[in-house]
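Chemist: Okay, here's the structure, questions in a sec.
The values are calculated or read from the model by the stated rules, or taken from the named source; none is laboratory data. Quantities reported herein were computed from a predicted structural model and do not represent experimental measurements. Please note: Cβ atoms are built from the backbone with ideal geometry, for glycine as well, and neighbour counts cover all protein chains shown. Quick note on the areas: whole protein, heavy atoms, side chains included, nothing else; ligands and nucleic acids left out. Shrake-Rupley method; radii C 1.70, N 1.55, O 1.52, S 1.80 Å.
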Amino acid sequence: MDMQNLLHMANKIGSFFASMPDHEEALQGISGHIHSFWAPRMRSQLLAHVDTRNGEGLTPIVLEAILANRDSLKPQSELK
Amino acid sequence: MHKSLNEQDVGTPRSSAVQQVTLEIDGMPVSVAAGTSIMRAAAINGVNVPKLCATDSLEPFGSCRLCLVEIEGRRGFPASCTTPVESGMKVRTQTPKLQSLRKGVMELYISDHPLDCLTCAANGDCELQDMAGVTGLREVRYGYEGKNHLSDKKDESNPYFTYDPSKCIVCNRCVRACEEIQGTFALTITGRGFASRVTAGVDQSFMESDCVSCGACVQACPTATLQEKTVIAIGQAEHGVVTTCAYCGVGCAFKAEMKGTEVVRMVPYKDGQANEGHSCVKGRFAWGYATHQDRITKPMIRSKITDPWREVSWDEALDYAASEFKRIQLKHGRDSIGGIVSSRCTNEEGYLVQKLVRAAFGNNNVDTCARVCHSPTGYGLKQTLGESAGTQTFKSVEHSDVILVIGANPTDAHPVFASRMKKRLREGAKLIVIDPRKIELVSSPHIRAAFHLPLKPGTNVAILSSLAHVIVTEDLLNKDFIAERCEDKAFTEWRDFVSQPENSPEAMQQVTGVAAELVRGAARLYATGGNAAIYYGLGVTEHAQGSTAVMGIANLAMATGNIGREGVGVNPLRGQNNVQGSCDIGSFPHELPGYRHVSDSTTRHLFEAAWGVTIQPEPGLRIPNMFDAALDGSFKGLYCQGEDIVQSDPNTQHVTAALSAMECIVVQDIFLNETAMYAHVFLPGSSFLEKDGTFTNAERRISRVRKVMPPKAMLADWEVTVQLSERLGYPMNYSHPSEIMAEIASLTPTFSGVSYAKLDQLGSIQWPCNENAPEGTPIMHVDRFVRGKGRFIITQYIATDEKVTKKFPLILTTGRILSQYNVGAQTRRTGNIQWHEEDLLEIHPHDAEDRGIVDGGWVEIQSRSGTTVLRASVSQRMQPGVVYTTFHFPESGANVITTDNADWATNCPEYKVTAVQIKPVAEPSQWQKGYTRFAKAQQDLLNQAQNG
Ligand code: SF4
Ligand code: SF4
Ligand code: SF4
Ligand code: FES
């Protein structure tokens, strides 16, 4: 799917949670939201982008959240 | 469930007093609530006092003098409609003296009345006729030759009812109905004595006046003076069936009055708990689309969208659809297809579509059009309060002291609730309106908003945070409520956040454009004015920060303790009839029925056991994701029931490109809608009159939809889904929608007490309905929040990406009007077209003048997404810099201009903010020309099928 759009969506999620004073909670919030609402193909594509392009285009807090909770974002079909 | 046509009219409204009074009527002891009229006390005990000017939907007026009674120990003959009961009273309703007085009154009426009873449209449904009978009138001593009104001209301007002054008895019921029930004040009695007549507006016709065609006056009129044209055309009905309006989220109950399988009229149902006997022009009159000649009643298929349609049997169409879906899944994988179900469909239909997607398609790619309207409500209220629903009943507004309306225009979009709200405002409740436009509520007859905050579109969150700032920093918090009911840590963080100087009204003034003093005043009123209730609509949700704003609203209610009792709360005004229901029954891609996430294995196992399949534990695609996936080639097939995504979703060209990239689109609808022009299979749908089911309105009220005629295409929508599922190898066994509801109830704790039998018994039920609340739950979060403790959430204002620039200097916002509904597929095919025959661009005189735009002239509207052309309406309702349009006509292309921007949490599109430029032009846009060609070609392909 359109990568720019996915990055844009992820960043907007990030900017909502970024205002939380508790940083850990913000990171959990971001990855939790993506986990709960994004279809697996969108999450795989996002993770692939993080791996291959170092998450270029993602805001720092979103990248941090994804890296911190990477496994939880993997589609279950890819978890063995 | 057939109902008698004439329900009892007990003459005056119910008294709300608890205290009982005992008296004697015609020698019979009766006990009634204090404040009840003698007329009502008699009627509910089976004694009918004659009456003409009284009816139980209106306050008594005491003008006709037909209801006179005798009271022991009192002189004269008091009117029973205006005299309240007193303890120990002894009343006589029938004596020779009373009989003779009443006869005298009737004689006067009848001497000025045409005696064409046999050919009158109201014959059999006329209170004047009845009263002539009751009073024993046999002759008219004055003769019929005196002065009369028999030659007065009829007013037939309204498309749905006529006004025949010759039949008017000047009982004033219509005038009072327009004032007390509807709140429009369109009618007056002009002239005195014999010359007095009912007049619409300032001596205007009904159409020219302020009349909004709600029908309340027609309903109240005891004679044929105000009469539905359908009754004039086809005569009185012979049976009635109670059902629910299929238009907006108010969910009004109606009695469909029938002659066999033909609707004669739709009459608002007095016992309907959502509407209490009131209606608006759509539900009351605009039902003719259901039998419109454009209805498609034969299944059709084609292999390419450039091919002519081919009418086929149900079997062939369903076989073809199923084989295409199977072929696509084989080739492109299980997740390459999905379904969309409209929130116009019933709960049972929605449930079946999501079941078909999860069980027969084997994925979670199902979504509903609530995605594009109120998905932020579901998300925001769940996060803060713990349940994705409004907290109140509509009736609760009767106990409100302060009403805050934000991003909603109830008089147009939720008219019947607006009437109830206006009644409370006329009684003295204070009103705060937060809206870029000066909506009707801000100043309407006998109503003035205490505060109107005309904010810039897209700045709701800024306003909400600064309201909160005032409440916190001026020490207006309800600290006891917060300490007892809310999470401590979250509250402290929120309090610190909103207290920051950058959230003050003074600092935010730059962003919102609203004077700080107005914000301060509104905050103080909301926090200290008594019971305060918030009502909001799509002007809150359809923004880049839609979900954040919903949370901001919940924060305000928690901060002031305005939640958990009558008169307060957080009230989303839902757009379409079944937005609440479609969300409740699992049509979102991430949730099973009852808002339970698909990753929750306990819930999943429950459904897996019941359905005998494995359910995917990961969320599916949302509607906009489906389009993106279609464009990248991973989404190829769609089952779309009742929803016109091409017209209603934003950025039309993006949507049509996505649909054009797919291999099989199956559309199930009553008309060949815009989406069907891109479809390969067309399955004819059934209207709300042709099927059984339930709708759930904005107050969580589940009401029955009842079949009054057979489906025009033989199958009801739920049967079509069942048959499609069977062909996909997943048989579903239901013989009636009641069995579908039974299954929902057995699998969903908030619905476990719901059944058709109970709905028949109670009329309607507000969920949750279960062993803890066997008759449902009118008010939520009473002693504790559904999630336990309420959770405050920080609402940082973030400006939308849709910035105004030199190139796009104006903000376009979109909305709806009273007479049309959504994409207009229904209302455009009714007489409502007389009020709104095209979408217009409203623009402030300054902006118009700057650009050389004149009222009625053609203007081009260009955004980053596209360009369209509409006619301009120069209007002071707009603020400078903001323009407005509706989206009821496909050729307007309002969504050609709207963009892909969306709410961060739910992808709900930002319909309310699009940066545009406007200029005068002479011809339609390129898109419109292309659209006209395409629509014409598609119509030809349809005609070939129908004529071939
Ligand atoms: S139809 Fe409604 S608005 Fe119009 S005059 Fe009658 S009561 Fe008033
Ligand atoms: S129009 Fe009907 S309701 Fe109105 S005053 Fe005349 S008779 Fe009464
Ligand atoms: S207010 Fe809504 S539900 Fe009621 S009649 Fe009008 S459109 Fe129908
Ligand atoms: S019904 Fe009481 S005065 Fe008319």
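Chemist: Could you please let me know if B:Val397 is assigned by TED's automatic domain parsing to the domain that holds B:Asn531, under 23 Å from the mean Cα position of the chain (by Cα) and farther than 15 Å from B:Asn562 by Cβ? Outline the logic, then answer.
Modeler: Working: assigned by TED's automatic domain parsing to the domain that holds B:Asn531: yes; under 23 Å from the mean Cα position of the chain (by Cα): yes; farther than 15 Å from B:Asn562 by Cβ: no.
Criteria not met by B:Val397.
Chemist: Same structure, new question: I'm trying to understand the selection: among the residues of region B:160-177, which are of a type outside the set (Ser, Thr, Tyr) and either within 14 Å of another protein chain (Cβ to nearest Cβ) or within 16 Å of ligand 3 (Cβ to nearest atom) (or both)? Please lay out each step first, then the result.
Modeler: Start the filter on region B:160-177 by keeping residues that are of a type outside the set (Ser, Thr, Tyr), which leaves B:161, B:164-165, B:167-177.
Selection gives B:Phe161, B:Ala177.
Chemist: Sticking with this structure for a sec: How many of the residues making up region A:62-80 are in contact (Cβ under 8 Å) with a residue 12 or more places away in the chain, open to solvent by 30 Å² or more (accessible area, probe 1.4 Å) and within 14 Å of another protein chain (Cβ to nearest Cβ)? Show your work before the answer.
Modeler: First, pick out the residues of region A:62-80 that are in contact (Cβ under 8 Å) with a residue 12 or more places away in the chain: A:62-70, A:72-78.
Applying the additional criterion that residues be open to solvent by 30 Å² or more (accessible area, probe 1.4 Å) yields A:63-64, A:67-68, A:70, A:72, A:74, A:76-78.
Now restrict to residues that are within 14 Å of another protein chain (Cβ to nearest Cβ): A:72, A:74, A:76-78.
Of the residues in region A:62-80, 5 are in contact (Cβ under 8 Å) with a residue 12 or more places away in the chain, open to solvent by 30 Å² or more (accessible area, probe 1.4 Å) and within 14 Å of another protein chain (Cβ to nearest Cβ).
Chemist: Does B:Val212 meet the test of being in contact with a Ser or Thr (Cβ under 7 Å, 6 or more places away or on another chain), within 16 Å of ligand 4 (Cβ to nearest atom) and open to solvent by 20 Å² or more (accessible area, probe 1.4 Å)? Reasoning before the result, please.
Modeler: Details: in contact with a Ser or Thr (Cβ under 7 Å, 6 or more places away or on another chain): yes; within 16 Å of ligand 4 (Cβ to nearest atom): no; open to solvent by 20 Å² or more (accessible area, probe 1.4 Å): yes.
When the stated conditions are applied, B:Val212 does not pass them.
Chemist: Go over the candidates B:Ile817, B:Ile779, B:Ile833 one by one and state the one that is away from chain A (no Cβ under 14 Å) and in contact with a Pro (Cβ under 9 Å, 6 or more places away or on another chain). If you could, list the steps in order and put the result at the bottom.
Modeler: Values: B:Ile817 fails: in contact with a Pro (Cβ under 9 Å, 6 or more places away or on another chain); B:Ile779 fails: in contact with a Pro (Cβ under 9 Å, 6 or more places away or on another chain).
Every option except B:Ile833 fails the conditions.
Chemist: A further question on this structure: Provide a single number: the residues in region B:624-675 that are without any contact (Cβ under 8 Å) to a residue 12 or more places away in the chain and closer than 26 Å to B:Ser686 by Cα. Even if it seems obvious, please write down each step before you answer.
Modeler: Filtering region B:624-675 for residues without any contact (Cβ under 8 Å) to a residue 12 or more places away in the chain gives B:629, B:632.
This time we only want the ones that are closer than 26 Å to B:Ser686 by Cα, so: none.
Residues meeting the conditions: 0.
Conditions tested, residue by residue: (1) away from ligand 3 (no atom under 16 Å from the Cβ); (2) buried (at least 21 other Cβ atoms within 10 Å of the Cβ); (3) in a loop (DSSP other than H, G, I, E, B).
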{"residue": "B:Gly240", "(1), (2), (3)": "yes, yes, no"}
{"residue": "B:Gly251", "(1), (2), (3)": "no, yes, yes"}
{"residue": "B:Lys255", "(1), (2), (3)": "no, yes, no"}
{"residue": "B:Arg265", "(1), (2), (3)": "no, yes, no"}
{"residue": "B:Gly283", "(1), (2), (3)": "no, yes, no"}
{"residue": "B:Thr297", "(1), (2), (3)": "yes, no, yes"}
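Chemist: Would you mind telling me which numbered condition in (1) open to solvent by less than 50 Å² (accessible area, probe 1.4 Å); (2) under 46 Å from the mean Cα position of the chain (by Cα) B:Phe61 fails?
Modeler: (1)
Chemist: Something else: Considering region B:279-298 alone, what residues qualify as being in contact with a helix residue (DSSP H, G or I) (Cβ under 8 Å, 6 or more places away or on another chain) and either polar (S, T, N, Q) or within 16 Å of ligand 2 (Cβ to nearest atom) (or both)?
Modeler: Selection gives B:Ser279 alone.
Chemist: On to the next question. Mind checking which residues of region A:36-52 are in a helix (DSSP H, G or I) and facing another protein chain (nearest Cβ under 8 Å)? Can you show your working first?
Modeler: Restricting attention to region A:36-52, the residues satisfying the condition of being in a helix (DSSP H, G or I) are A:36-37, A:40-52.
Correct list: A:Ser36, A:Phe37, A:Pro40, A:Arg41, A:Met42.
Chemist: Can you name every residue in region B:202-213 that is out of contact with any strand residue (DSSP E or B) (no Cβ under 7 Å at 6 or more places or on another chain) and within 9 Å of ligand 1 (Cβ to nearest atom)? Working first, answer last.
Modeler: Of region B:202-213, the ones out of contact with any strand residue (DSSP E or B) (no Cβ under 7 Å at 6 or more places or on another chain) are B:202-204, B:207-208, B:210, B:212-213.
B:Asp210, B:Val212, B:Ser213 - these are the residues of region B:202-213 that are out of contact with any strand residue (DSSP E or B) (no Cβ under 7 Å at 6 or more places or on another chain) and within 9 Å of ligand 1 (Cβ to nearest atom).
Chemist: Look at B:Arg197 and say whether it is surrounded by 23 or more Cβ atoms within 10 Å (Cβ to Cβ) and either more than 16 Å from ligand 1 (Cβ to nearest atom) or more than 25 Å from B:Val720 (Cβ to Cβ) (or both). Explain how you work it out, then say what you get.
Modeler: Details: surrounded by 23 or more Cβ atoms within 10 Å (Cβ to Cβ): no; either more than 16 Å from ligand 1 (Cβ to nearest atom) or more than 25 Å from B:Val720 (Cβ to Cβ) (or both): yes.
Criteria not met by B:Arg197.
Chemist: When region B:171-194 is examined, which residues are found to be in contact (Cβ under 8 Å) with a residue 40 or more places away in the chain and open to solvent by less than 50 Å² (accessible area, probe 1.4 Å)?
Modeler: B:Cys171, B:Asn172, B:Arg173, B:Cys174, B:Val175, B:Arg176, B:Ala177, B:Glu180, B:Ile181, B:Gln182, B:Gly183, B:Thr184 - these are the residues of region B:171-194 that are in contact (Cβ under 8 Å) with a residue 40 or more places away in the chain and open to solvent by less than 50 Å² (accessible area, probe 1.4 Å).
Chemist: Among (1) surrounded by fewer than 23 Cβ atoms within 10 Å (Cβ to Cβ); (2) in a strand (DSSP E or B), there is one condition B:Ile665 misses while meeting the rest; what is its number?
Modeler: Checking B:Ile665 against (1) surrounded by fewer than 23 Cβ atoms within 10 Å (Cβ to Cβ); (2) in a strand (DSSP E or B), the one that fails is (1).
Chemist: Find all pairs meeting these conditions: Cβ atoms under 6 angstrom apart; at least six residues apart or on different chains; first residue within region B:388-407 and on the phi > 0 side of the Ramachandran plot and surrounded by 24 or more Cβ atoms within 10 Å (Cβ to Cβ); second residue assigned to a loop (DSSP other than H, G, I, E, B) and not acidic (Asp, Glu).
Modeler: So the pair list comes out as B:Gly407/B:Gly537.
Chemist: So B:Ser57 fits all but one of (1) more than 16 Å from ligand 3 (Cβ to nearest atom); (2) within 25 Å of B:Gln182 (Cα to Cα); (3) assigned to a loop (DSSP other than H, G, I, E, B); what number is the exception?
Modeler: Result: B:Ser57 fails condition (1) only.
Chemist: Let me ask another. Residues to consider are B:Leu352, B:Leu330, B:Leu356, B:Leu318; find the one that is of a type in the set (A, V, I, L, M) and open to solvent by 10 Å² or more (accessible area, probe 1.4 Å).
Modeler: Details: B:Leu352 fails: open to solvent by 10 Å² or more (accessible area, probe 1.4 Å); B:Leu356 fails: open to solvent by 10 Å² or more (accessible area, probe 1.4 Å); B:Leu318 fails: open to solvent by 10 Å² or more (accessible area, probe 1.4 Å).
The match here is B:Leu330.
Chemist: Kindly list the number of the only condition in (1) within 16 Å of ligand 4 (Cβ to nearest atom); (2) surrounded by fewer than 21 Cβ atoms within 10 Å (Cβ to Cβ); (3) closer than 23 Å to B:Val264 by Cβ that fails for B:Pro159.
Modeler: All conditions pass for B:Pro159, except number (1).
Chemist: Do any residues in region B:270-281 that are within 13 Å of ligand 1 (Cβ to nearest atom) and in a loop (DSSP other than H, G, I, E, B) have Cβ atoms under 6 Å from those of residues that are basic (Lys, Arg) and open to solvent by 10 Å² or more (accessible area, probe 1.4 Å), where the two are at least six apart or on different chains, and which pairs are they?
Modeler: Partner pairs satisfying both residue conditions: B:Gly277/B:Lys270.
Chemist: Let me ask another. Could you say whether any residue in region B:431-440 is in contact with a helix residue (DSSP H, G or I) (Cβ under 8 Å, 6 or more places away or on another chain) and within 16 Å of ligand 1 (Cβ to nearest atom)?
Modeler: Looking for residues that are in contact with a helix residue (DSSP H, G or I) (Cβ under 8 Å, 6 or more places away or on another chain) and within 16 Å of ligand 1 (Cβ to nearest atom), one finds at least one in region B:431-440, hence yes.
Chemist: Name the helices (runs of 4 or more DSSP H) wholly within region B:427-528 that hold at least 1 residues that are of a type in the set (Gly, Ala, Ser), within 14 Å of chain A (Cβ to nearest Cβ) and open to solvent by less than 50 Å² (accessible area, probe 1.4 Å)?
Modeler: Values: elements: B:460-473, B:479-485, B:488-499, B:505-512, B:516-528.
Hits in region B:427-528: B:460-473, B:488-499.
Chemist: Taking region B:887-912 only, how many residues are more than 14 Å from every other protein chain (Cβ to nearest Cβ) and in a loop (DSSP other than H, G, I, E, B)? Steps first, please.
Modeler: So in region B:887-912, the residues more than 14 Å from every other protein chain (Cβ to nearest Cβ) come out as B:887-898, B:911-912.
Next, only the ones that are in a loop (DSSP other than H, G, I, E, B) stay: B:887-889, B:893, B:898, B:911-912.
Summing the residues that are more than 14 Å from every other protein chain (Cβ to nearest Cβ) and in a loop (DSSP other than H, G, I, E, B) in region B:887-912 gives 7.
Chemist: Still on this structure, I have one more. Under 9 Å by Cβ, and 6 or more places apart or on different chains, what pairs join a residue from region B:28-49 that is farther than 14 Å from B:Thr12 by Cβ and within 14 Å of chain A (Cβ to nearest Cβ) with one that is away from ligand 2 (no atom under 16 Å from the Cβ) and hydrophobic (A, V, I, L, M, F, W, C)?
Modeler: Once the first residue is farther than 14 Å from B:Thr12 by Cβ and within 14 Å of chain A (Cβ to nearest Cβ) and sits in region B:28-49, no partner that is away from ligand 2 (no atom under 16 Å from the Cβ) and hydrophobic (A, V, I, L, M, F, W, C) comes close enough.
Chemist: Please work out if A:Met1 is part of a loop (DSSP other than H, G, I, E, B), within 26 Å of B:Gln616 (Cα to Cα), within 12 Å of another protein chain (Cβ to nearest Cβ) and not basic (Lys, Arg).
Modeler: Judged against the criteria, A:Met1 is a match.
Chemist: For the subset of region A:14-31 comprising residues that are of a type in the set (Ser, Thr, Tyr) and at the interface with chain B (Cβ under 10 Å from one of its Cβ atoms), which member is nearest to A:Asn69 (Cα to Cα)?
Modeler: Going through region A:14-31, the residues of a type in the set (Ser, Thr, Tyr) turn out to be A:15, A:19, A:31.
Adding the requirement that they be at the interface with chain B (Cβ under 10 Å from one of its Cβ atoms) leaves A:15, A:19.
Numbers: A:Ser15: 18, A:Ser19: 19 Å.
Among those that are of a type in the set (Ser, Thr, Tyr) and at the interface with chain B (Cβ under 10 Å from one of its Cβ atoms), it is A:Ser15.
Chemist: Can you list the helices (runs of 4 or more DSSP H) found entirely within region B:575-649 that contain at least 2 residues being within 14 Å of chain A (Cβ to nearest Cβ) and farther than 23 Å from B:Cys248 by Cα? Before the answer, list the steps.
Modeler: Values: elements: B:579-584, B:601-611, B:623-631, B:645-648.
Fully inside region B:575-649 and qualifying: B:601-611, B:623-631.
Chemist: When region B:801-821 is examined, which residues are found to be away from ligand 3 (no atom under 16 Å from the Cβ) and open to solvent by 20 Å² or more (accessible area, probe 1.4 Å)? Outline the logic, then answer.
Modeler: Of all residues in region B:801-821, those away from ligand 3 (no atom under 16 Å from the Cβ) come to B:801-814.
Answer for region B:801-821, where residues must be away from ligand 3 (no atom under 16 Å from the Cβ) and open to solvent by 20 Å² or more (accessible area, probe 1.4 Å): B:Asp801, B:Lys803, B:Val804, B:Thr805, B:Lys806, B:Lys807, B:Pro809, B:Ile811.
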